[in-house]
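*Asks:* Would you mind keeping the following structure in view while I ask a few things?
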């Protein structure tokens, strides 16, 4: 729309200039007013000269392909046609994706994918039309295609791979705009899927650009592909001798009293293992997430609640501890010295004899 508003005044100015020149050329010369005759004739001849020069430049032949001349005018017209095609392609695809498809009940992710495909199809159509208007036969690209493939094949291999991967992502839609995904240690929300790369926003509000081929070559975890309901867990260890049934009830109570934890599927507690210094339990529950920070916030709330309930019940949360047993072949002598310093010395031969 902005480009069309800019082109309209230019077209009006050009039209006015041509009208002025035509009016001077066709106006009758009044006899008796010699000064006005000379001024009118001078202006008319100047405009006629400019028009003739512009026409000669416009029709100047740059090259001839298959007996088809390519002039300056056809080149400029093709460039203008291509620019108009880019503007129209963007406008039409945007109207289709933002207004038409949502009214038809199509999801915004599918509408975004169709919008991108329509844009590239329209752009390709206008490009072929501009080449046709330029009198360049498409058979020329049959010979140039091999040279371009050899010269630019190695340099543009990654670009072509990412572009094709982008088309595959838009067609198969393993990831969509708004999905929460994980690639190795990277967690983020998909903001935009482009032709060459995809923009992801992390929990720390960082924008990360990921090449599209990464999603097809690596394992990608899509947390919200089918549903945004996920299961997560919180682990806790209590001291040996703690009542396990009461611990289980308290853990389920911590999940039940949290407002963001779903009632269905029901939360459950698993007695995981007899640890080295604790009885290990796992509390599993289901939540709906939109980003990874929301999941971590819920897990933090559950840990606060578990600590509070266990303290009220007098149950100790275990910590790492170890019993050390000294197996000495002979008794150890412990000597207490002033200053609360304790030293341990092995028995001497005399003490052994006295014993």
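The values are calculated or read from the model by the stated rules, or taken from the named source; none is laboratory data. None of these values were measured; they are calculated from a predicted model. No Cβ is skipped: glycine too gets one built from the backbone with ideal geometry, and neighbour counts run over all protein chains shown.
*Asks:* Tell me yes or no: at least one residue of the stretch 91-98 is at pLDDT below 80 and more than 23 Å from the chain's Cα centre (by Cα). Reasoning before the result, please.
*Replies:* We begin by selecting, within the stretch 91-98, every residue at pLDDT below 80; these are none.
No: zero hits.
*Asks:* Filtering the stretch 255-295 down to residues that are assigned to a helix (DSSP H, G or I) and without any contact (Cβ under 8 Å) to a residue 60 or more places away in the chain, which residue is nearest to residue 205 (Cα to Cα)? Outline the logic, then answer.
*Replies:* Initially, the stretch 255-295 is screened for residues assigned to a helix (DSSP H, G or I), giving 255-256, 292-295.
Narrowing the set further to residues that are without any contact (Cβ under 8 Å) to a residue 60 or more places away in the chain leaves 255-256, 294.
On the way: 255: 29, 256: 31, 294: 14 Å.
Among those that are assigned to a helix (DSSP H, G or I) and without any contact (Cβ under 8 Å) to a residue 60 or more places away in the chain, it is 294.
*Asks:* Looking at (1) outside the structural domain of residue 292 (by TED's automatic domain parsing); (2) in contact with a strand residue (DSSP E or B) (Cβ under 8 Å, 6 or more places away or on another chain); (3) part of a helix (DSSP H, G or I), find the lone condition where residue 252 falls short.
*Replies:* So the condition that residue 252 fails would be (1).
*Asks:* Quick one: which of 330, 321, 335 is outside the structural domain of residue 246 (by TED's automatic domain parsing), at pLDDT 70 or above and closer than 30 Å to residue 238 by Cα? Explain how you work it out, then say what you get.
*Replies:* Numbers: 330 fails: closer than 30 Å to residue 238 by Cα; 335 fails: closer than 30 Å to residue 238 by Cα.
Result: 321 is the single residue among 330, 321, 335 that is outside the structural domain of residue 246 (by TED's automatic domain parsing), at pLDDT 70 or above and closer than 30 Å to residue 238 by Cα.
*Asks:* Another question about this same structure. Against the condition in a helix (DSSP H, G or I), touching a residue at least 60 places away in the same chain (Cβ under 8 Å) and surrounded by 16 or more Cβ atoms within 10 Å (Cβ to Cβ), how does residue 247 come out, does it pass? Walk me through how you get there before you give the answer.
*Replies:* Numbers: in a helix (DSSP H, G or I): yes; touching a residue at least 60 places away in the same chain (Cβ under 8 Å): yes; surrounded by 16 or more Cβ atoms within 10 Å (Cβ to Cβ): yes.
For residue 247, the condition - in a helix (DSSP H, G or I), touching a residue at least 60 places away in the same chain (Cβ under 8 Å) and surrounded by 16 or more Cβ atoms within 10 Å (Cβ to Cβ) - is met.
*Asks:* Name the one entry in 268, 286, 274, 281 that is modelled with pLDDT of 90 or more and within 30 Å of residue 177 (Cα to Cα).
*Replies:* Working: 268 fails: within 30 Å of residue 177 (Cα to Cα); 274 fails: within 30 Å of residue 177 (Cα to Cα); 281 fails: within 30 Å of residue 177 (Cα to Cα).
Step by step, each of 268, 286, 274, 281 is checked, and only 286 is modelled with pLDDT of 90 or more and within 30 Å of residue 177 (Cα to Cα).
*Asks:* A further question on this structure: Identify, from the list 158, 135, the residue that is modelled with pLDDT under 80, farther than 25 Å from residue 90 by Cα and in contact with a strand residue (DSSP E or B) (Cβ under 6 Å, 6 or more places away or on another chain).
*Replies:* Numbers: 158 fails: in contact with a strand residue (DSSP E or B) (Cβ under 6 Å, 6 or more places away or on another chain).
Answer to the selection: 135.
*Asks:* Something else about it: Can you name every one of the strands (runs of 3 or more DSSP E) wholly within the stretch 161-243 that holds 1 or more residues which are touching a helix residue (DSSP H, G or I) at 6+ places or on another chain (Cβ under 9 Å) and closer than 30 Å to residue 317 by Cα?
*Replies:* On the way: elements: 180-183, 186-193, 197-201, 207-211, 220-222, 229-238.
Strands (runs of 3 or more DSSP E) meeting the threshold: 229-238.
Let's see how each residue does on (1) free of Cβ contacts under 8 Å to residues at least 24 places away in the same chain; (2) touching a strand residue (DSSP E or B) at 6+ places or on another chain (Cβ under 9 Å); (3) surrounded by 16 or more Cβ atoms within 10 Å (Cβ to Cβ); (4) at positive phi:
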site	(1), (2), (3), (4)
164	yes, no, no, no
168	no, no, no, no
172	yes, no, no, no
178	no, yes, no, yes
183	no, yes, yes, no
191	yes, yes, no, no
198	no, yes, yes, no
201	yes, yes, no, no
204	yes, no, no, no
